[in-house]
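A quick write-up on the structure given underneath.
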Amino acid sequence: MNEHQVDSFRRNIEAGDVRTLLMVLVQMTGDLSWLEPPYRPKRDVRLLPARDAGLSKEVRSEIQNALLNFIRSGEEPKLPDPDEETLHKMMSICLGEDVPFEYASLVREDLGFKGRHIEWSNSDHNSVNDSSVLIVGGGVSGIGLAVALKSLGISFTIVEAQDDVGGVWNMNRYPGCGVDTPNYAYAYSFEKNLWSKYFSSREEILDYLQRVATKYDLRKSIQFSTSLTGAVWDARRKEWVATLERDGETTTARARFLVSAIGQLSDPSIPEVNGHSVFSGPILHSAHWPENLSVDGKHVAIIGTGATAMQLVPAISDRVDKVSIYQRTPQWSRPIEGYLDEIREEEKWLLKTLPFYAEWFRFNMFWRYGDGLLQTLRRDPEWKHPERSVNSTNDRHREELINFIDSEIGDLPELVEKCIPTYPPFGKRILLDNNWYKTLRKPNVELVDTRIERIGTDCIETVDGICRAADIIIYCTGFKINEMASRLGIHGRDGLSLADAWADENPTAYLGMTVEGFPNFFTMIGPNSGPAHGGSVVFQAECQTRYITSLIVQMVEQGFDAFEVKSDVLRQFVQKVDAEHEKLIWTHPGLDTYYKNRHGRVTSVIPWRFVDYWKMTHDAQLSDYKLEQKGNQSQTNQNS
């Protein structure tokens, strides 16, 4: 290494996150004394913590110089795969807090130190060719599952209604669309990416998913612009008969296993508003944003103030003549320092080049946007202010968020009143401030909290009789969460339709994946498996991918052709889900959220920590299922 290279390495290392560099140093040198004082980072609970890790300049320099010297030596890393005891200690020191030991196995897989995908227990699995899988949806879940199936040699086909992979990231094209999970946690554990920002745009995420599909040669197994219009279980042949439609033409496909990978955010919800059909200008849901739509110089009406509106409005506010935002319920918005920042070139170099840096950076993001919040969302039955919060910590968070609102718009008391929710913080989806409040201050932006009466040909009238002009109306009103896979026309055993099984807005599935009466069927990011207290849907999808492949591999190796979750197993699981949710914020009586159905039951999100769900889904238990063998019409179970 010449002096120029040394200087370049030094500049990059000095710009890095010290807690991450420290973990790299430990793995490089194998010297655990670096985990002792004075090198231990200070605890910092921010999503994007201070890069100096709370350490003195002298200590930071010692860490940086030691790492640089080891790199110059040209030696191989001494600790490429830490055992769980060592990894656990490293995790705790890295964060400056005690991490429960149970996370060590999860993190060891998630960082790639140990393989995460299921493998065959032996090489004799010729019957795998009879185990074709039909995956509906080419988004995060479908792509991840396809990669795992391909590595096992299991044949699969993906049907994707859109013209390319990407799922919600291909469908949603509105200005400002992006991720609200740190990118280094919103990525597959098996495929790194060099992101440009900590929270990247929709375009960058879509590009990542498309490159994964190409790299793993999935495209030849994908039928684009093709929709599943129905599927029927053939009990005699123990396979699914699917009806597919493309360009008005219908075809039939057969598969041993059927997987819905459309998730929960694929069917836009548009409220019934009087006059919708008479509006003379463009009127659309944000998920259907046309490429040629221009808002420049227009009066734009936004209906809804959820996550989409919080991204869209700041992105267009300087281009429009005026934007009127129609709010039913205000949202809590959490400030994140560095949310809009680009990742510096020095850190990009570290993430791309320095061994283990990207892995530990990912761990930091996973932890900070993970399970830590859940314990603060438990309902305290003795709490004296249940109308505004669920416990003392939640009330402190409420005060902090109100203080943030006051710091942004405190000189506009009427606007403050419109912006402070009455329900507890984190009771709805966690939103990150995208200069939302600063945007509301702009003279051409109006927040309307009066209920809409009707839509006219060129205006929206509220119940107070005021008509506000509109050239374009955008519904930012979310998705039909409780439908999930029930809208796919799936019919299981004895002709039972999934729509009927999940009637009255009450979808249920064991572990969020398997449904009674629907053999050999999986639904990914199905009922009660969506993340709500943080985390990443990619993590959830990888947990489910492992479970699905675990079940399929065991069935093939043990000679079973069909599975169906047992009634008592599903019932007990749903009871546990409901009992746990009764202790949590999302069943708070003051909350009206898409997490719940119209009866108040939480149907969308998990009530457990991510490490709990990881354990639940790590290895499928055949004893949870009624199992059938080829040619046997009766149900058998050799594992009960």
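Annotations for the structure displayed:
- The residue pairs whose first member lies in the range 475-488 and is more than 20 Å from GLY306 (Cα to Cα), whose second member is of a type in the set (Lys, Arg) and not in a strand (DSSP E or B), and whose beta carbons are closer than 8 Å, counting only pairs six or more residues apart or on different chains, are ARG487/LYS480.
- Subset of the range 179-207 (residues that are farther than 15 Å from MET365 by Cβ, of a type in the set (Asp, Glu) and either under 15 Å from the mean Cα position of the chain (by Cα) or not in a loop (DSSP other than H, G, I, E, B) (or both)): GLU203, GLU204, ASP207
- Selection count where residues are among the aliphatic types (A, V, I, L, M), in a loop (DSSP other than H, G, I, E, B) and buried (at least 17 other Cβ atoms within 10 Å of the Cβ), scope the range 31-73: 4
- Within the range 283-341, being in a loop (DSSP other than H, G, I, E, B), over 25 Å from the mean Cα position of the chain (by Cα) and among the aliphatic types (A, V, I, L, M) holds for LEU293, VAL295, VAL320.
- Qualifying residue in the range 220-238 (condition: acidic (Asp, Glu), closer than 23 Å to ASN170 by Cα and not in a loop (DSSP other than H, G, I, E, B)): no
- Candidates ALA315, ALA261, ALA235 - the one that is at pLDDT 95 or above, surrounded by fewer than 22 Cβ atoms within 10 Å (Cβ to Cβ) and touching a helix residue (DSSP H, G or I) at 6+ places or on another chain (Cβ under 7 Å): ALA235
- Filtered by the rule that a residue be assigned to a helix (DSSP H, G or I) and either under 9 Å from the mean Cα position of the chain (by Cα) or charged (D, E, K, R) (or both), the range 525-566 gives VAL537, VAL538, PHE539, GLN540, ALA541, GLU542, ARG546, GLU557.
- Restricting the range 208-232 to residues that are without any contact (Cβ under 8 Å) to a residue 60 or more places away in the chain and surrounded by 16 or more Cβ atoms within 10 Å (Cβ to Cβ), the residue that is nearest to the chain's Cα centre (by Cα) is TYR208.
- Every condition in (1) touching a strand residue (DSSP E or B) at 6+ places or on another chain (Cβ under 8 Å); (2) not assigned by TED's automatic domain parsing to the domain that holds THR243; (3) not β-branched (Val, Ile, Thr) is met by ASP464 except one, and the failing one is (1).
- Restricting GLY410, GLY492, GLY478 to residues that are among the small types (Gly, Ala, Ser) and under 30 Å from ILE283 (Cα atoms) narrows the list to GLY478.
- Taking first residues from the range 601-617 that are over 27 Å from ASP504 (Cα atoms) and partners that are charged (D, E, K, R), the Cβ contacts under 8 Å between residues at least 6 apart in sequence or on separate chains come to ARG609/ASP371; PHE610/ASP371; VAL611/GLU102; VAL611/ASP371; LYS615/GLU102; THR617/ARG546.
- Any hit, the range 374-392, residues being within 30 Å of GLY30 (Cα to Cα), assigned to a helix (DSSP H, G or I) and at pLDDT below 95: no
Table: residues versus (1) closer than 20 Å to SER529 by Cβ; (2) surrounded by fewer than 24 Cβ atoms within 10 Å (Cβ to Cβ); (3) of a type outside the set (Ser, Thr, Tyr).
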| residue | (1), (2), (3) |
| --- | --- |
| ALA146 | yes, no, yes |
| LEU149 | yes, no, yes |
| THR157 | no, yes, no |
| ALA161 | no, yes, yes |
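- Taking each residue of the range 449-460 that is in the same structural domain as ARG328 (by TED's automatic domain parsing) and looking for partners that are among the aromatic types (Phe, Trp, Tyr) and part of a strand (DSSP E or B) with beta-carbon atoms closer than 6 Å, six or more apart or interchain, yields ILE452/TYR326.
- Residue within the range 163-178 that is assigned to a helix (DSSP H, G or I) and either surrounded by fewer than 16 Cβ atoms within 10 Å (Cβ to Cβ) or without any contact (Cβ under 8 Å) to a residue 40 or more places away in the chain (or both) present: yes
- The range 54-76 residues that are at pLDDT 95 or above, paired with ones that are among the hydroxyl-bearing types (Ser, Thr, Tyr) and not in a helix (DSSP H, G or I) (beta carbon under 7 Å, 6 or more apart): VAL59/TYR39; ILE63/TYR39
- Every listed requirement among (1) touching a His at 6+ places or on another chain (Cβ under 9 Å); (2) without any contact (Cβ under 8 Å) to a residue 24 or more places away in the chain is met by GLU36 save one, (1).
- LYS114 meets all of the listed conditions (1) modelled with pLDDT of 95 or more; (2) among the charged types (D, E, K, R); (3) under 25 Å from the mean Cα position of the chain (by Cα) but one, namely (1).
- Within the option set GLU291, GLU239, being in the same structural domain as ALA470 (by TED's automatic domain parsing) and more than 30 Å from LYS418 (Cβ to Cβ) holds for one residue only, GLU291.
- For the condition in a strand (DSSP E or B) and at pLDDT 95 or above, GLU408 does not qualify.
- Hey, TRP436 in contact with a helix residue (DSSP H, G or I) (Cβ under 6 Å, 6 or more places away or on another chain), among the hydrophobic types (A, V, I, L, M, F, W, C) and more than 30 Å from GLY281 (Cβ to Cβ) or not: no
The values are calculated or read from the model by the stated rules, or taken from the named source; none is laboratory data. Quantities reported herein were computed from a predicted structural model and do not represent experimental measurements. Every residue, glycine as well, gets a Cβ built from its backbone with ideal geometry; the counts of neighbours run over all protein chains shown.
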